[in-house]
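Take a look at the structure set out below.
Please treat every number below as a calculation from the coordinates, not as lab data. Keep in mind that what you see is a predicted model, and the values were worked out from it rather than measured. Positions of Cβ are generated from backbone atoms using ideal geometry, with glycine treated the same way; all protein chains shown enter the neighbour counts.
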Amino acid sequence: MAHGRCCGVSVIEYSDLETLEIVPDPVSLIESMRAVGYTTESAIADLVDNSISAEAEHIEIEYDATGEPYVAILDDGRGMSAPELTQAMRHGSRNPVDLRHPNDLGRFGLGLKTASLSQCRVLTVISKQGGGLSARCWNLDVVQESGRWLVVVPSPEALRKLPMYGRLDALDSGTLVVWQDFDRLSAGSTNLVREFTTKFSGLREHLALVFHRFTSKEDGASPVKIKLNGLALPSRDPFIRGNSYRQPLEGQVIRHERGQVRVTPHVLPPVSHLSQDDIETAGGLEGLRGTQGFYVYRNRRLVIWGTWFRLVPKQEFFKLTRVQVDIPNTFDDLWSLDIKKSAAQPPEFIRNRLTELIPHFAEASKRTVTYPGRRTGTAAYVPVWSRSEPAHGRFRYDVNRDHPALVALAREMADAQRRQLDVILDLISSALPLDGIYADMCSDRRSRGDDYALESLVKLASCLQETTGIALSAILDTDPFIRHPGLRDRIIQKVQS
């Protein structure tokens with residue numbers, strides 16, 4: 001027996017000891033790995049990862065529960081030779097600590113098998129490369145009956161019966177993955193078609209979001225065309241880059257010996273300047289408040305989103321903040337990336353840096369929520385409502401009596417009328433429905449569109465100009481006009497016409 005030392009601790013070397021090889025029982029291990037926690041969406045996303053890593057330009061996903069149920073994923077990537085396919089069907093085909101190609105989306109060498117077998121009992125993979133077809137099949141019944149890690153080599157006749165086989169055969173290269181025998185979906189279900197519909201209901205939106213940077217043109221890279229049951233995935237962008245009201249913020253680069261982490265903050269436009277499609281794209285079912293936070297991308301593939309990693313709580317004021325974090329695959333172990341690529345935690349040195357940056361990102365969101373549409377650098381901004389804190393932990397909103405319109409109105413009134421005006425303003429301030437306003441803000445409800453706002457603002461600006469004598473340019477620098485900077489020129493044109 002030999003001894004060594006590591007980090008000041010004595011380590012026993014076992015090279016001279018008697019050892020025993022304990023081979024895992026295949027039936028028990030495979031059944032256990034089926035319960036690793038894949039959802040239907042995350043399992044199919046794992047297979048799409050493989051297609052993108054194989055440099056596929058077109059990926060087709062089909063599923064059908066009528067007749068013999070199946071799920072099939074076909075790509076036109078570089079394909080695999082017979083030895084490569086055999087290795088790919090091996091559990092743990094790659095060591096997660098090995099260096100990978102910078103664009104490789106895999107890690108553990110388990111995704112193809114674990115993701116697929118979490119959903120079905122029969123997994124068939126056919127791949128074409130150099131004009132030759134190779135096929136391998138994991139059939140859990142065969143494993144169970146033999147008690148061995150046996151992979152079936154399907155016959156050509158069996159392959160020709162598989163869905164989408166003809167389309168693979170017509171390609172120069174590519175890979176087809178087919179799932180069959182859905183024991184877990186059918187367990188306890190009296191209607192498999194309805195169960196399929198339920199399980200796959202969120203698949204289109206999930207794939208559209210997770211791979212949105214691949215399906216759109218980015219940094220000169222050609223977009224990958226992904227179809228689900230013949231329909232292209234919808235375009236998704238959680239940062240709504242096409243909206244002109246979005247606020248650009250300066251990004252940061254966190255450097256490390258293994259590579260760089262790029263942090264790019266985004267502040268969405270105020271809700272009043274978001275279309276319903278924008279709100280659904282940015283917030284989905286969880287709403288804007290629920291999807292604020294970090295969006296972590298590993299080689300452009302979205303891994304985890306809508307979380308602050310417990311660095312700060314989710315707040316209404318921060319609901320417009322989205323922080324894009326790009327990490328390379330050399331950071332996998334540092335981020336504790338799991339097998340499903342659906343969970344990750346930043347390491348301490350990155351967590352500390354993000355904690356320092358969050359206040360700067362979130363403050364811009366707070367200003368956008370508090371003063372939606374306010375033009376940057378407008379010194380003359382005068383709100384209609386003023387906020388005060390009469391006591392610690394308490395606040396209130398009052399009509400701002402220094403607003404130019406009220407000042408001009410009071411100047412034309414007698415003392416008795418001014419006192420009546422003060423009473424009415426106190427009444428309005430005390431009856432402000434804060435709870436109702438907060439509830440509407442949290443529900444991401446939008447105010448009426450620009451056309452309605454333009455009509456009412458033009459009428460209000462004309463009336464104020466006529467009754468107060470204030471210059472139109474000064475009126476437009478006050479609340480509520482300043483909340484609509486995009487309408488400023490149109491208001492001037494209509495008022496002066």
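Quick notes on this structure:
- Under 11 Å, Cβ to Cβ, from residue 413 - net charge with Lys/Arg +1 and Asp/Glu -1: 0
- Taking a ≥ b ≥ c as the square roots of the eigenvalues of the Cα gyration tensor, segment 157-254 is classed as oblate, since a/c reaches at least 1.5 and a/b does not exceed b/c.
- In nm, spacing of pseudo-spin labels at residue 146 and residue 470 (7 Å Cα→C-beta vector): 8.4
- In this rough spin-label picture, where each label sits 7 Å from Cα along the Cβ direction, the residue 425-residue 18 distance is 9.6 nm.
- Distant-in-sequence amide H partners of residue 256 (H built 1.01 Å from N, under 5 Å): 261
- Surrounding net charge for residue 258, when Lys and Arg each add one and Asp and Glu each subtract one, Cβ distance under 12 Å: -2
- Using the Karplus relation 6.51 cos²θ - 1.76 cosθ + 1.60 with θ = phi - 60°, the per-residue 3J(HN,Hα) values for segment 316-323 come to 4, 5, 9, 5, 8, 8, 10, 10 Hz, with x marking Gly and Pro.
- The GluC sites (Glu not before Pro) found in segment 229-329 that occupy coil by DSSP, while having at most 11 further C-beta atoms within 10 Å, are 250, 257.
- Label point of residue 401 set 7 angstrom out along Cα-Cβ; within segment 410-433, amide nitrogens under 18 Å from it belong to 410-432.
- Take the Cα of residue 186, step 7 Å toward its Cβ, do the same at residue 232, and the gap between the two points is 3.7 nm.
- Counted by Cβ distance under 15 Å from residue 189, the other residues give a net charge of 0, where Lys and Arg count +1 and Asp and Glu count -1.
- Residue 82-residue 241 FRET efficiency (beta carbon distance; Förster radius 41 Å; 0.05 resolution): 0.40
- Beyond 22 Å in Cα-Cα separation lie the following of the pairs 128/225; 199/227; 128/161; 113/199; 227/319: 227/319.
- Fully extending the segment from residue 492 to residue 68 would add 146.0 nm, taking 0.36 nm per residue of separation and subtracting the current Cα-Cα distance.
- Global form of segment 199-272, assessed from the alpha-carbon gyration tensor, a/c cut-off 1.5: oblate
- Gyration tensor (alpha-carbon) shape descriptor, segment 212-317, a/c threshold 1.5: oblate
- Karplus 3J(HN,Hα) series, Hz, for segment 270-275 with 6.51 cos²θ - 1.76 cosθ + 1.60 (x for Gly, Pro): x, 4, 5, 10, 10, 6
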